[in-house]
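This report concerns only the one structure given below.
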Amino acid sequence: MKKIFDYADWIINKFMYFGGTIILLLMFYTTVNTIMRFFNHPLPGDIEITVNAQVCIIYSTIAACVLSDTHIRVDILKSRPWLEHFNNLFAFATAMFISIQSFKQGLSVAKMNYVSQLLQIPRAPFVFIACLGFFLFALAVLSVEYRLIDSQIQAGKRKDTREVVR
């Protein structure tokens with residue numbers, strides 16, 4: 001089971017590089033657009049490109065935040081371990097629900113061929129990126145929960161062996 005979660009963590013971390021690459025491209029695009037604005041020739045569709053890039057950035061990095069424990073959380077749950085298990089269960093269920101609904105929405109958007117207004121950028125790929133991001137978020141929560149349970153079991157075993165040695 002540990003190997004499965006290690007592999008899922010590896011995929012999540014690789015998907016994070018996708019978000020980092022999009023950040024770099026967006027920075028380059030914004031710099032070029034700013035220079036072009038100075039000469040009264042801005043690039044067309046800058047808001048559409050920026051919004052779509054932000055969708056990629058947010059949803060490709062959200063799962064990595066869970067693994068690295070850099071996301072916003074309520075620390076009061078850490079004082080009671082069973083609350084943290086409940087929180088992880090709720091986060092997993094919510095992320096899976098959103099992922100499934102996003103997938104359905106992506107199919108609908110693809111079927112209706114929604115595109116952006118100015119540049120005619122298809123919307124469906126970005127909905128599917130959000131769907132994948134929430135699915136990876138759910139996997140990350142499962143991985144964190146597995147490691148939490150495993151660490152509690154290992155701590156219990158260490159406690160039992162210390163009592164036997166005495």
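The values are calculated or read from the model by the stated rules, or taken from the named source; none is laboratory data. Predicted model only: the values in this text are computed from it and were never measured. Methodologically, a virtual Cβ is constructed for each residue, glycine included, from the backbone with ideal geometry; neighbour enumeration extends over all protein chains shown.
Computed values, structure above
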| item | result |
| --- | --- |
| Yes/no for Met1 being loosely packed, with under 14 Cβ neighbours inside 10 Å, touching a residue at least 40 places away in the same chain (Cβ under 8 Å) and under 30 Å from Arg147 (Cβ atoms) | yes |
| Failed item, numbered, when Ser68 is tested on (1) farther than 18 Å from Tyr146 by Cβ; (2) small (Gly, Ala, Ser); (3) free of Cβ contacts under 8 Å to residues at least 24 places away in the same chain | (1) |
| Filtered residues of the stretch 115-130 (kept if under 9 Å from Asn52 (Cβ atoms) and surrounded by fewer than 18 Cβ atoms within 10 Å (Cβ to Cβ)) | Ser116, Ile121, Pro125 |
| Check on Gln54, surrounded by fewer than 18 Cβ atoms within 10 Å (Cβ to Cβ) and not in a helix (DSSP H, G or I) | no |
| Selection count where residues are of a type in the set (S, T, N, Q), surrounded by 12 or more Cβ atoms within 10 Å (Cβ to Cβ) and farther than 11 Å from Cys56 by Cα, scope the stretch 17-43 | 3 |
| Number of the condition not met by Leu118 [criteria: (1) touching a residue at least 40 places away in the same chain (Cβ under 8 Å); (2) assigned to a helix (DSSP H, G or I)] | (2) |
| Some residue of the stretch 143-166 being outside any helix (DSSP H, G or I), modelled with pLDDT under 90 and either crowded, with 16+ Cβ neighbours inside 10 Å or out of contact with any Lys or Arg (no Cβ under 7 Å at 6 or more places or on another chain) (or both) | yes |
| In the stretch 60-114, the residues that are buried (at least 17 other Cβ atoms within 10 Å of the Cβ), of a type in the set (Ser, Thr, Tyr) and modelled with pLDDT of 95 or more | Ser99, Ser102 |
